[in-house]
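Q: Below is the structure I would like to discuss, written out as structure tokens.
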Amino acid sequence: MDESSIPRRRIWQEILLVLAVLLESVLGIAWADAWWDVVLAVLTVVLGGALLARFGQWRTLLPAVIVANVVAGSLVVGTVALFCYASREPRRALTLAATAVSCATVVLSVLLQVEAPDRTLMIVIGVVTMLLGASTGMYMGARRELLHGLRQRAELAETRAREAQEEARSAERRRIAREMHDIVAHKISLVALQAGALEVNPALDREKVAESAGLIRSAATEALSELRAVLGVLRGDDDTAPLAPQPTWDDVRALVRRSQDAGIKVDLFDFIDAPVPDSLARTAYRVVQEGLTNIHKHARHTAARVALMGEPGDELVVEVSNVLPQGYSTDLPGARMGLSGIETRVLHAGGTITSGPTDDGRFDVKAVIPWPTAP
């Protein structure tokens, strides 16, 4: 329900309340046998008008109206006041007390105003009406509290999920930062080595000079390309954790072999013949690593496969999938922290990644990453 409909609904409620009170008062005056009946009808109108302010001061106003209605004996005022009070008051003892007062009001009013033959029926109707108003009000209050609690829990779950995803992205950025330390150190070392060789050997023939210059250009170009690929991910995190050797394309295949050795039923479909650049291999390695890690955790005894396809100048496709275990339900939310980190890496490499159940009963993680031609 949008916000604009709330005031409109409340206006209609107030109009219906006013009409019901006025109708009861007019009938009371029309059937009045004495001046006291007219006074009670006027008091009913006053109490009905007081109910229009029930949203602001309900804790004091509604009990006062319920008590004052002992004199007025209005069925409409008593029912509405009791319903509103029961729907707001969390302490059931007070609600039961208000219900008892309202029922007593009905009994007293009938005994004073109705002739003996009709009293029993009128008392039953009045008491049942009050009980229905109280029980409906308590139900509405409990429902409102339940919805409020569920809304708070949902907001808390969303906040925690966002925090978990942000933590996963931060962890991935820190890992990329460590990787880039080794990348830059290795590439710049090659540049320095080749430049030093040219410096200390000025008598090298032209062919050797051209070969060294080509190596320097290639190393510098690769370093700049890989730096450019992750500059959007890094945010200057100061991480001094130990650095490890970075994976190559052979390590991607080794991941599958290690999973096979660990007892996982995973097949490798490797259609890659051309050399894969180290930066691309690292991204593919992380995708395969995360996919196999999830299989180890959640689907260890199901059949799985890893497919590697592509060629330079086109795209590298990395797909890790497994048969869904029995009892799997897509309604259950997951943290997806690892997949969030891998998504960040693949997106900043210019690629796309999808994950989730497929129509043929598998869980599939598929990354498509641009594969540039060698410089």
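Q: Can you tell which of Leu193, Leu156, Leu215 is open to solvent by 60 Å² or more (accessible area, probe 1.4 Å), among the hydrophobic types (A, V, I, L, M, F, W, C), over 20 Å from Ser279 (Cβ atoms) and modelled with pLDDT of 70 or more? Steps first, answer last, please.
A: Working: Leu193 fails: modelled with pLDDT of 70 or more; Leu215 fails: over 20 Å from Ser279 (Cβ atoms).
That would be Leu156, the only listed residue that is open to solvent by 60 Å² or more (accessible area, probe 1.4 Å), among the hydrophobic types (A, V, I, L, M, F, W, C), over 20 Å from Ser279 (Cβ atoms) and modelled with pLDDT of 70 or more.
Q: Of all residues in the stretch 340-368 being buried (at least 20 other Cβ atoms within 10 Å of the Cβ), closer than 17 Å to Asp278 by Cα and not hydrophobic (A, V, I, L, M, F, W, C), which is nearest to the chain's Cα centre (by Cα)?
A: Out of the qualifying residues, it is Arg345.
Q: Does the stretch 323-339 contain at least one residue that is open to solvent by 80 Å² or more (accessible area, probe 1.4 Å), modelled with pLDDT of 85 or more and either outside any helix (DSSP H, G or I) or under 27 Å from Glu163 (Cβ atoms) (or both)?
A: No: the stretch 323-339 contains no residue that is open to solvent by 80 Å² or more (accessible area, probe 1.4 Å), modelled with pLDDT of 85 or more and either outside any helix (DSSP H, G or I) or under 27 Å from Glu163 (Cβ atoms) (or both).
Q: Restricting to the stretch 152-174, and then to whatever is among the basic types (Lys, Arg) and more than 11 Å from the chain's Cα centre (by Cα), can you tell me which residue is nearest to Thr283 (Cα to Cα)?
A: Let us first name the residues in the stretch 152-174 that are among the basic types (Lys, Arg), namely 153, 160, 162, 169, 173-174.
Within this subset, residues satisfying the condition of being more than 11 Å from the chain's Cα centre (by Cα) are 169, 173-174.
Details: Arg169: 15, Arg173: 13, Arg174: 15 Å.
For the stretch 152-174, the residue satisfying everything is Arg173.
Q: Please state which of the following conditions Met138 fails to meet, knowing it meets all the rest: (1) closer than 30 Å to Trp35 by Cα; (2) without any contact (Cβ under 8 Å) to a residue 60 or more places away in the chain; (3) in a helix (DSSP H, G or I).
A: (1)
Q: Just to be sure I understand, how many residues within the stretch 159-174 are open to solvent by 50 Å² or more (accessible area, probe 1.4 Å), touching a residue at least 40 places away in the same chain (Cβ under 8 Å) and of a type in the set (D, E, K, R)?
A: Selection size over the stretch 159-174: 3.
Conditions (1) modelled with pLDDT of 85 or more; (2) among the hydrophobic types (A, V, I, L, M, F, W, C), marked per residue:
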| position | (1), (2) |
| --- | --- |
| Met138 | yes, yes |
| Leu146 | yes, yes |
| Glu163 | yes, no |
| Glu167 | no, no |
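Q: Starting from residues that are of a type in the set (Lys, Arg) and open to solvent by 30 Å² or more (accessible area, probe 1.4 Å), keep the ones in the stretch 258-293 and report whichever is modelled with the highest pLDDT.
A: First pass over the stretch 258-293, keeping only residues of a type in the set (Lys, Arg): 258, 265, 282, 286.
So of that shortlist, the ones also open to solvent by 30 Å² or more (accessible area, probe 1.4 Å) come out as 258, 265.
On the way: Arg258: 83, Lys265: 87.
The qualifying residue modelled with the highest pLDDT is Lys265.
Q: Need at least 2 residues that are in contact (Cβ under 8 Å) with a residue 40 or more places away in the chain and over 17 Å from Ala20 (Cβ atoms) per element, so show me which helices (runs of 4 or more DSSP H) inside the stretch 39-122 make the cut, counting only ones lying wholly within it.
A: Numbers: elements: 58-72, 75-88, 92-113.
Output list reads 75-88, 92-113.
The values are calculated or read from the model by the stated rules, or taken from the named source; none is laboratory data. Computed from a prediction, not measured in an experiment: that's the story for all the values here. A quick note on method: Cβ atoms are made from the backbone with ideal geometry, for glycine too, and the neighbour counts reach across all protein chains shown. The area values use the complete protein model at the heavy-atom level, side chains included, leaving out ligands, DNA and RNA. Shrake-Rupley method; radii C 1.70, N 1.55, O 1.52, S 1.80 Å.
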